[in-house]
Each structure stands twice: as C-alpha cells, then as structure tokens.
Protein chains: 2
Amino acid sequence: MATYKAPIRDMKFVLYELLEGDKLCELPGYEEATRDLVEPILEEAAKITEEVLFPLNRSGDEEECQWNEGKVSTPAGFKDAYTLFREGGWTAIACDPNYGGMGMPKMVNTMVEEMICSANLSFGMYPGLSFGAYTAMHGFATDELKDTYLPKLVDGTWSGTMCLTEPHCGTDLGLCRTKADPQDDGSYLVTGTKIFISAGEHDMTDNIIHLVLARTPDAPKGIKGISLFVVPKYLPDADGEAGEFNNVSCGSIEHKMGIKASATCVMNFDNAKGWLVGTLNKGMQGMFAMMNQERLAVGIQGLGLGEASYQGAVEYAKERLQGRSISGVKHPDKPADPIIVHPDVRRMLMTQRAYMEGCRAFGGWVSQQLDISRKHPDAQRREEADEFVQLMTPIVKALFTDLGYEATNHGMQVFGGHGFIREHGMEQYVRDCRIAQIYEGTNGIQALDLIGRKMPDKAGRLLRRFFHPVQDYIEQNVMDDELGEFVQPLAKAFGRLQQATGQLARVGMGKPEEAAAGATEYLRLFGLVGLAYMWCRMVEVAKDKQDGDEGDFYRAKITTARFFMQKLLPQCSSLFSSIMAGGSSMMELDEDLF
Amino acid sequence: MATYKAPIRDMKFVLYELLEGDKLCELPGYEEATRDLVEPILEEAAKITEEVLFPLNRSGDEEECQWNEGKVSTPAGFKDAYTLFREGGWTAIACDPNYGGMGMPKMVNTMVEEMICSANLSFGMYPGLSFGAYTAMHGFATDELKDTYLPKLVDGTWSGTMCLTEPHCGTDLGLCRTKADPQDDGSYLVTGTKIFISAGEHDMTDNIIHLVLARTPDAPKGIKGISLFVVPKYLPDADGEAGEFNNVSCGSIEHKMGIKASATCVMNFDNAKGWLVGTLNKGMQGMFAMMNQERLAVGIQGLGLGEASYQGAVEYAKERLQGRSISGVKHPDKPADPIIVHPDVRRMLMTQRAYMEGCRAFGGWVSQQLDISRKHPDAQRREEADEFVQLMTPIVKALFTDLGYEATNHGMQVFGGHGFIREHGMEQYVRDCRIAQIYEGTNGIQALDLIGRKMPDKAGRLLRRFFHPVQDYIEQNVMDDELGEFVQPLAKAFGRLQQATGQLARVGMGKPEEAAAGATEYLRLFGLVGLAYMWCRMVEVAKDKQDGDEGDFYRAKITTARFFMQKLLPQCSSLFSSIMAGGSSMMELDEDLF
C-alpha cells in the first residue's frame, strides 16, 4: 500500500523562491497571507490530508457510495472526516471573510487543493463542488441570497452542486430542457432532470444547495435562453436552518470507473422552489464563473494524482528487488538490485517527476496571476493578469489532466503486475484520474476553447500575455553560460509554437475546421512550452543554491530540468508536424465509411 | 451499450489481398487451410464471439470470479459458453492434428484470437493459457506425457496454466524458490507458491494442468537452475481421466483493475506430483516457447480491445447529437449534429482506426512468417522467417498493447462523461487492456529484449530481416506517382530508425545503460515504421480497386493511410530526438533524491 507525504518543500519552493509569494500580502485584501501564516496552513493541510483523508482513499474506493431509496450514504469514515475538515476551516480557506471565509489567496488554496486531490480525490469533490456553487453565488446572487446561503457554504454545514448536464446534452448546454416557472413572489418552480451531478446527494451536510441551469417559459432558444437558479434541497426556515423539503430528489447514482466514493447523481427537480442568480437568460455567465474555477481545479486534480502516484512508484522502486543493474551490480549484499537502477524504471519516475514539478510551478504561476487579477490596485495589471488566466485556463485543465493520467499510468507500470492489483492503490489513481480528462469540458473542448475563443480574442492580446514574457526571457537568457543549455530548447519549442499559432490563426479565418483539426496537438505544444519556461525559471533559482545546505534539492531540480528538456520536450517537433499537416485527411472519410 | 461485429471484411483483406493467404495451403501440413475452409471458420468465429462471448463481457466484469474455500466460480454463463466454445472446436484450432487439433495456420488463428479478445478478453484467458501449456508440452514433453495430456488440452476438457511468478520475483525468474524433489519413480514432488496464475483455478473444466517452474535440490543458482514441470490438479487415473487430488490448491484470487472474470490465482503446491518437461535446469526453454507465443497473443489482445472500442465509439459518434459542425450545420432537421462532425472526435476515431487496421495487417505479416518458419520446406526460408518472428515478437507485444490502450482511451473519450460510466462498457475496455502492457513481460522488458537480445543477435542479422525488405520497397516505390505520397514519409521515418539503430548499437557496446535509456522510444519508433510500411503496402493493393464494387472500402483504406502518415507517423521525429539525447539525465539523479 502506497503512502503519501505532502510535497511541502517543493510547494514552498514554488511559492517563495520561484514566484515571490511573499509579496501576496501586499495585495489589498490578502494582507494576512504572510509567510508566517501561510506556511503553518500548508503544514496543517499536510496533516489532515495525510492522516485523515488519505487513509480513507482505498476503503472509499472499495465501499463506494450507496443509494437507497433516494438517500446516498458515503463510505465509512467520510462523514467524520468531513466534520474534521469543516471544523478545521478548510471549506472556508479561499472564501470571502465577509461570509466567514479566511480569504486566502488562490496561490495558497491551489497548494491545499493539490494535497486534497493527492490524498483522496473522491472526498475532495464534495467541498470542491461547494466552492463552485459559492463562487457563482458570490459573483452573481443578490445580497439577500448571499446572506442566506454563503455563510453555510463557507462553514461547510451546507454543501453545493453545479447542475448543468442533462441526459441529451453534455457539452451542448443549449439543448437544456429543465424548466423554471416564475411565481408571484419572485421565486421560480424548477422542474427537470439533471445527470452527472457530483455531490448531488449525500449524508455529510445538513443541506445541499443546487445551482441549476434552466429555461423560463418564454426564453429564447439555445444557449441564450439559459438562466441560473439556486435550488436548495431543504428550504431555509425562519432561523436560516434547513427547513421544509423542496422536492429535490436523487433518482440514482452512477457506477463509475473511478472516484467511486464521490456520489454522481441523477437529480430530479419536481416543482422545486428556486431563485434566480444573476440576470435572466444570462445563466451561462454564472456557469462560466463556476466553470473556469473548476477547470483550474480539475487541472490540479491531475497534478495531485500524478504526484501521489509518483510517490508510490518511488517507494516501490527503491524496495522491489528484481534483476541487476546493467552497468554492474549495485547491491551485492542483496539477492537482486532494487528496480530503481533500471533505466526504463528511471524513465518513468523521471517523467512523472518532471511533469508534476513542472505543473506545480506552472499552476502556481497561473494562481499568482489570478490573485493579481482580483486584488491588484492597478486596473491595468488586473486586466492583464485576467487575460493571462483566461488564456491559461483551458491549458491547465487539459494539459495537467493529460499529464496526470500519463503519470498515474507510469506509476502503475513501475509496480508491474502488482500495479494491476487493487490493494496496492496504484490502479485507483489511474481510474480516478481518468474522469479529469472528461468533466468540466472534455480536453478536446478545452483545445477548441483555446484556438476558437482565447487565441483570436482581442486580436491576439491574450496570447501576448504569455508570448511576450517568454520572448523577453529567451532573449535575455539564451546566451547565458549556465542557463543557455535550458533556454535553447525552450527557444526552439517556442519558435514552433509561434509558427503553429500563425498557421492556425491564418487557416482558422477561412477554414475553422482545418484549425480545429490541430487544436489538441496545439494545446499540448502550448502547454509544453509553458512547462519548459517554468523549468528554465526553476533552474535560474536553483543554480545559485547548489552549494548551500539544501544543495541536493537544487541539484535535483537542475537534473530534472535537463531530463525534461532532453527527453520530454522533443515531443514538440511531432506536435508541430502534425498541426502543420492540417485536417483534410481527418475530415475526408465519409461518415458512412466509419 | 456498445455492440461488436467481427471485422471479417478487413481480415479477409489482410489475409487474401495483402498477404497471399491463399498460398498457406501450399505449406506442407497446412494443406487444408484453403480459402474455402478458412472463410467459413472466420464466419463461425464471428458468430460465437458476437453472439455467445460478447454478451457475457459486461456481466462478467460486474460479477467477477468468486473464491470460496479454494473453489473459484466463474461468472454466470461462462461455463456454458466454454462448453459451446469447446464443442465448436475452438480450443483445437491451432493444435496438432496428431492430438485432435485442426492444425490451422497461425495467420488464421490470429484472426480468431482477435475476435475473442474483442468480445471477451476475460473469457479468452482460459483457452489462451491452455494453449500456452499445450505449446510447452508439445515442444518439450516426452511422448508419454504428450499422449496423456495433449488430447485433453486440445479438446478443451482440461485446461492449462503457466506458473512462473512468485511473490518476490516477477521479471527476475532466477529468484524462483519453488522446489521439486525427485522421486524414485522418476516423478517429482513440487512444493511452493506461485502468484498471478491466470486460470489457475475455475469451474469450467474437469482438470487443470499446471506448467510450473521450480528448482531441484542441487540445481545451480539463478536462472540456470530452473526446470519446468507438469503438475495436474488431479492425477490422471488408469483411464486417463481426472483422478486423485494432487495437492494443488488455490489460496486466493486477486481483485484487479480489469479482466475481472479471469481468475488470477495464488496457487499452492504442497508436495504435488509432477513430471519434468524438457531438460533438467533448462526450464526457461519451455517457458520461452510458451512465452513467445503468449507475447504475440498479448499483442493481439491490444488490437482486439482497440477494435472493440473503435466500434463502440463510431456507433456513439454517429448517434450522439451535440453542437453544430463548425463548417456549417450538417443536419438541420435535428436539434444538433452528431458528434462525428467535430474534428476532435474525428481525430480520435481516425487514430483508433489507423492504429488498429495497421496492427491487424502487421500482426498478419508476423503470423504469416511464423507459419513459414514452421512449415516451409526450405530450411533457409524457415530460418529467415524465424529470425523475423523473433525480432518482431517484443514489438508486437509492446506496440500493439500500447496502441490498444491509447485506442481504448480514445474510444472512452468519444463518449464524454458517459464513457466513465460502467454500463456503457467503454471504460471496461480501458481497464481490461491495461494489463496487456504489463503481463508476459512488461513493455519495458520487451524494449530491453529488442535492443539487448534481438538487435545484436547474429551480428544484426535479425534486424536485416526487416530492414532489407523495407529498404527494397522504398527504393522501388518512392518515386511512384501514386505511392510516393505514402512511401516518402515511410522513407523519412525509416532513415531515423536506421540512424537510431546505429546509435544504440554503438553506444550499447560500451555503455549498455545509455542504450537501455532509449529502449522504449526505440521500440515505438521501430513499430511505427513497421505500421507505416504496412500502410504503404495496403495502399498499393487498394489503389487499383478504388473504382470497383467495393470502391468505398478501398478509398477508406487510402484515406486512413494518409491520416496515419500525416498525423501519427510524425511521432517518429520526437522519438528520434529523445533516443539520441541518451540517458545521462535519466540516470544522474541519486536514488536518495527521489
């Protein structure tokens, strides 16, 4: 059975050595986020994730959620763990202090999210969805609704959901049929069926607050007639506590490949009372507020699971004795060498490591910009940061989950046959990670978002939020004696990204299908350049500290960076060729011939 | 719920249009394998796999095998299906007519195996393992042992296993501890524990015949002291039927990620009576006879599951309505277009298709050479063909299972959220396929076998069995008006393969670790070149038939070939760069720093 230790040292490296996290407290509203507050938060988060959540991960997978006449019970231990989690303030960490939140920056919250996902993704789904509902309401609901619901969502006594999908519509929410009939008192009666509702029903909170996409009777067709409603399972009573049942019921739960301790519900709304959140027919706004946040969070799921799998694989590779090193026996005292001596095992471990440390740094950067976009006193800085985050959201979601999936598969492979056996936990990481490539918009949809929305937006201004700093960095460092080794491959990959961008932008104008045909490869190329840039910056920090107390840590960074540049970044050349080949061979075949 | 139709048309294309399958019956011993016998066999195989095995695939996954006090019961329907399978002669198809077999060529058997794996891999494990045991005994056992066991293995009333792995040894069989004590009557008493024994215990046959690796008391240490024994669950009685219990018991079964209806057993041998198969201390010979066959068979598992997933994904992509084609509405009568109009969905379907059809052709070629290596009257032709098969065995195993896994993941992704739900069956293909990358030697071990054994063998003569025909083909066709478009990318990829081969061969002499560091990428590069070559040859056949009755079929081949060349083969450039970068960045990091 694998173990998990939160990678606190690396998180501090990202926060305080790479990304100036000590300046977070200079942002108005984040004054409290000083290093001497943040570090204990990370250490406490490590404790609860390692000691409370992780031990329930395997048992939760085995036991799964159970549905019984509309009630859903979570696996043994989940309710108690949730109580500890809630009481520890973890549901409140990133929320507005006006509603009882701790108001921690995204940069800090991202680190905590990573730990939760590593330790127990299924568990993390419950507070994760609540935070999505919180975000939509915080951004778009009336003060009255906020006062009613937010304190409960923040302290975690109530939880939340996002009810978007219906049986006949997944990606295409314009097909949504759930109805909302306006009532004289300003409320609505909501009727319809939603599927794939994570945390839709469970036994861990007093109430469940659903954010539901629905259509009013005379709404325009399609996506422009969708509104967002808040529909609680129990109506708040006069004291603001869970009162009367509101005709929201769980018809069944799904039996899934993974995240089995997360209840995925069919939710039936039968004239359930709800209130409009935001503007009529502009429900997609609130939906996207949730969704964008969730997309970043799902990216972090990929990172968290990849990290957990890496740790399990390293532990095993050091213990498992099989064969001898081909460069000569390493442990003559033992019947065989540990498998970490074998190049192919190294390849897998180094790949996991290079991807996950790279994603942690990249995710940190995006979070930093998100914090700036929200709190910086200078409006232009906020706007620029916001544009950067918009650009990066689909990349973080798709890249991190694709790499997380690859990493969990590598970790399982290191275990050989034992990786396929459930008790070791390595195959669970694979199964749990698989959904992250699908939900909150499949990774193919992320790629379309990147090339169809983000790339052309504001005549390419979003792109420049990434391209300019990278270009500047390359110009300044490519001739550097020590950094050059790393910056040169970055420069080469970046050149390909620029060329591919030009190609897709040109082609996309006349033949959007041609551009879309390269979208997935383009997103990955973009993401790899982002990782390469982060690896260069990490080397820049590490190179001057190699001889200090923690020289090992910094030298390992440099070696890992070298591995990334030499063995992983070359993918860019293939991606580039594939993009440049266009889409005709893909679209040519007649539908009937499939 | 996905359906399955055996791809008979494509199989006939491979057999009779691409690979001269009508000449099979000219090989002594395969006289009966005429087209008018083989085609009905394929059609009957389609029937039993589609109608009997496939309907048990999902239910078998849900029900799993159950262990109860040493007895293992297979899921409902398996025993009856096995009886039908056996009575239909499917356990006998590739076996020696001297023992009741049908003596069909490998080329035919490979097609049948693919169908079985598509329809129900778990089921296929039982006869698959029997065939492995049959092969070892047929090649190495005494006539007396053969007469006793082979007829029962061939008609399927008894089944077989391969008992290799022990708790502390997986890849490194030299660590094996199971003992075999010689008895005065020439038999041995075998004692020890074996793990991961597929079909080790079940309820479908009267007896189970274990082929067990063990050590005699004064055997040399390591791999050179391993012998192979046949150890039946029940000792044959005077009539040759299952008699007295032989102290072979199943201690437990594993709970696995996939192939849940295949019993993976811990087997305890407690002074169980066994007989030596082959020469003392040369047990690895018989083991490799089984193993090489199983490695090809496991490759076919990857193909079969990828094909099944492709079929499911195509069906769904034509039915599921979401969004509109970005090149303009395709089905104005419907609320949305079917998702097959979307480029990213096409990308996944075309990738599945190009890989699986390519593997089918490639697997057909290797099978053809295997048949020649066994039956050709000319000893030199036999030897050359055998060298080719030796070279290709690790490639088929690793490449097909890696591509199969990618394909099953694409198929699941096409389903979006529904792909993650068990009832649709798409995630089962992913879980079932995952083991194929691990068992019978992990894919990393296959890559080492390729560069460490096959590449240097006979001063590179094995390599030339592939390089020479490909080189000749390129020279003859690269300037061809129609073929040139396809042969040019093949030539480019082949050039990289030659260069990488030279590099690894040079480096491998002095620093085997440097070569091993590129082994996995090298195997994939090799395999992709093999697929590219097969795609060229398929185009060569198809191009002249585009205007005939089945023009659609042949034009689809050409389009798929073009997609492969333009969108998939470019991987070779990255693989090449990664190989050429060597292994220092991979091996540099100190073990303690992981």
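The values are calculated or read from the model by the stated rules, or taken from the named source; none is laboratory data. Note that the coordinates shown come from a computational prediction; the quantities given were computed from them, not determined experimentally. Positions of Cβ are backbone-derived with ideal geometry, glycine not excepted, and every protein chain shown enters the neighbour counts. Ligands, DNA and RNA are stripped out before the accessible areas are found, and what is left, the full protein with its side chains, is counted by its heavy atoms. Shrake-Rupley method; radii C 1.70, N 1.55, O 1.52, S 1.80 Å.
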The correct count of residues that are closer than 21 Å to B:ALA385 by Cβ and in a helix (DSSP H, G or I) in the stretch B:85-111 is 6
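Could you look through the stretch A:55-71, keep only residues that are outside any loop (DSSP other than H, G, I, E, B) and among the acidic types (Asp, Glu), and pick out the one that is least open to solvent (accessible area, probe 1.4 Å)?
Within the stretch A:55-71, the subset outside any loop (DSSP other than H, G, I, E, B) is A:55-63, A:66-68, A:71.
Next, from what is left, pick out any that are among the acidic types (Asp, Glu): A:61-63.
Working: A:ASP61: 2, A:GLU62: 94, A:GLU63: 78 Å².
Taking the candidates together, the pick is A:ASP61.
Name the residue that is nearest to the other protein chains (Cβ to nearest Cβ), counting only residues in the stretch A:230-247 that are surrounded by 24 or more Cβ atoms within 10 Å (Cβ to Cβ) and either touching a helix residue (DSSP H, G or I) at 6+ places or on another chain (Cβ under 8 Å) or among the β-branched types (Val, Ile, Thr) (or both).
Residues of the stretch A:230-247 surrounded by 24 or more Cβ atoms within 10 Å (Cβ to Cβ): A:230-233.
Now drop any that are not either touching a helix residue (DSSP H, G or I) at 6+ places or on another chain (Cβ under 8 Å) or among the β-branched types (Val, Ile, Thr) (or both), which leaves A:230-232.
Details: A:VAL230: 23, A:VAL231: 21, A:PRO232: 25 Å.
That would be A:VAL231.
Applying the selection to the stretch A:236-270, what residues are assigned to a loop (DSSP other than H, G, I, E, B) and within 30 Å of A:ARG422 (Cβ to Cβ)?
Let us first name the residues in the stretch A:236-270 that are assigned to a loop (DSSP other than H, G, I, E, B), namely A:237-241, A:246-247, A:254-255, A:257-263.
Matches in the stretch A:236-270: A:GLU254, A:HIS255, A:MET257, A:GLY258, A:ILE259, A:LYS260, A:ALA261, A:SER262, A:ALA263.
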Filtering the stretch A:280-293 for residues that are touching a residue at least 60 places away in the same chain (Cβ under 8 Å) and open to solvent by 10 Å² or more (accessible area, probe 1.4 Å) leaves a count of 8
Residue count, the stretch B:470-493, condition away from every other protein chain (no Cβ under 14 Å) and in contact (Cβ under 8 Å) with a residue 24 or more places away in the chain, comes to 7
- Task: Assess whether A:LYS334 counts as being touching a helix residue (DSSP H, G or I) at 6+ places or on another chain (Cβ under 6 Å), basic (Lys, Arg) and more than 30 Å from A:ARG524 (Cα to Cα).
- Result: no
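Tell me which residues, restricted to the stretch A:410-454, are of a type in the set (Phe, Trp, Tyr) and more than 7 Å from chain B (Cβ to nearest Cβ). Please lay out each step first, then the result.
In the first step, residues of the stretch A:410-454 are kept if they are of a type in the set (Phe, Trp, Tyr); the result is A:415, A:420, A:429, A:439.
Hits for the stretch A:410-454 are A:PHE415, A:TYR429.
Does A:LEU164 satisfy the criteria of being under 13 Å from A:LEU129 (Cβ atoms) and either within 11 Å of another protein chain (Cβ to nearest Cβ) or buried (at least 24 other Cβ atoms within 10 Å of the Cβ) (or both)? Explain how you work it out, then say what you get.
On the way: under 13 Å from A:LEU129 (Cβ atoms): yes; either within 11 Å of another protein chain (Cβ to nearest Cβ) or buried (at least 24 other Cβ atoms within 10 Å of the Cβ) (or both): yes.
Criteria met by A:LEU164.
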Residues in the stretch A:321-344 that are touching a Lys or Arg at 6+ places or on another chain (Cβ under 9 Å) and part of a helix (DSSP H, G or I) total 3
Restricting the stretch A:308-327 to residues that are among the basic types (Lys, Arg) and more than 8 Å from chain B (Cβ to nearest Cβ), the one farthest from A:ALA297 (Cα to Cα) turns out to be A:ARG324
Does any residue of the stretch A:30-39 turn out to be closer than 30 Å to A:ARG431 by Cβ and surrounded by 15 or more Cβ atoms within 10 Å (Cβ to Cβ)?
no
What about B:CYS169, is it of a type in the set (A, V, I, L, M, F, W, C), over 28 Å from B:GLU20 (Cα atoms) and in contact (Cβ under 8 Å) with a residue 40 or more places away in the chain? no
Counting only residues that are buried (at least 24 other Cβ atoms within 10 Å of the Cβ), within 14 Å of chain B (Cβ to nearest Cβ) and either of a type in the set (A, V, I, L, M, F, W, C) or assigned to a helix (DSSP H, G or I) (or both), the stretch A:177-203 contains a total of 2
Among helices (runs of 4 or more DSSP H) entirely within the stretch A:511-594, at least 2 residues that are within 11 Å of chain B (Cβ to nearest Cβ), in contact (Cβ under 8 Å) with a residue 40 or more places away in the chain and surrounded by fewer than 24 Cβ atoms within 10 Å (Cβ to Cβ) occur in A:512-516, A:551-563, A:571-580, A:584-587
Among helices (runs of 4 or more DSSP H) entirely inside the stretch A:381-477, those with 2 or more residues being surrounded by fewer than 22 Cβ atoms within 10 Å (Cβ to Cβ) and of a type outside the set (A, V, I, L, M, F, W, C) are A:461-477
How many residues of the stretch A:91-107 are in contact with a Gly (Cβ under 8 Å, 6 or more places away or on another chain) and touching a residue at least 12 places away in the same chain (Cβ under 8 Å)? The answer is 9
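Say whether the condition of being surrounded by fewer than 24 Cβ atoms within 10 Å (Cβ to Cβ) and in contact (Cβ under 8 Å) with a residue 24 or more places away in the chain is met by at least one residue in the stretch A:299-311. Talk me through it step by step, then tell me what you get.
We begin by selecting, within the stretch A:299-311, every residue surrounded by fewer than 24 Cβ atoms within 10 Å (Cβ to Cβ); these are A:311.
Now drop any that are not in contact (Cβ under 8 Å) with a residue 24 or more places away in the chain, which leaves A:311.
Yes, some residue in the stretch A:299-311 is surrounded by fewer than 24 Cβ atoms within 10 Å (Cβ to Cβ) and in contact (Cβ under 8 Å) with a residue 24 or more places away in the chain.
Looking at the structure I just gave you, is B:ARG353 within 14 Å of another protein chain (Cβ to nearest Cβ), in contact (Cβ under 8 Å) with a residue 24 or more places away in the chain, surrounded by 22 or more Cβ atoms within 10 Å (Cβ to Cβ) and touching a Phe, Trp or Tyr at 6+ places or on another chain (Cβ under 7 Å)? Walk me through how you get there before you give the answer.
Numbers: within 14 Å of another protein chain (Cβ to nearest Cβ): yes; in contact (Cβ under 8 Å) with a residue 24 or more places away in the chain: yes; surrounded by 22 or more Cβ atoms within 10 Å (Cβ to Cβ): yes; touching a Phe, Trp or Tyr at 6+ places or on another chain (Cβ under 7 Å): yes.
Against the criterion (within 14 Å of another protein chain (Cβ to nearest Cβ), in contact (Cβ under 8 Å) with a residue 24 or more places away in the chain, surrounded by 22 or more Cβ atoms within 10 Å (Cβ to Cβ) and touching a Phe, Trp or Tyr at 6+ places or on another chain (Cβ under 7 Å)), B:ARG353 qualifies.
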Exactly one of A:LYS273, A:LYS318 is open to solvent by 10 Å² or more (accessible area, probe 1.4 Å), assigned to a strand (DSSP E or B) and at pLDDT 95 or above, and that residue is A:LYS273
Looking across the stretch A:328-339 at residues that are at the interface with chain B (Cβ under 9 Å from one of its Cβ atoms) and in contact with a Leu (Cβ under 7 Å, 6 or more places away or on another chain), the single one that is surrounded by the fewest Cβ atoms within 10 Å (Cβ to Cβ) is A:PRO335
Taking the stretch A:478-500 and keeping residues open to solvent by less than 10 Å² (accessible area, probe 1.4 Å) and either within 30 Å of B:SER327 (Cα to Cα) or of a type in the set (A, V, I, L, M, F, W, C) (or both) leaves A:LEU483, A:PHE486, A:VAL487, A:LEU490, A:ALA493, A:PHE494, A:LEU497, A:ALA500
Only unsatisfied item for B:MET284, checking (1) within 14 Å of chain A (Cβ to nearest Cβ); (2) more than 19 Å from B:PHE415 (Cα to Cα); (3) not basic (Lys, Arg), is (1)
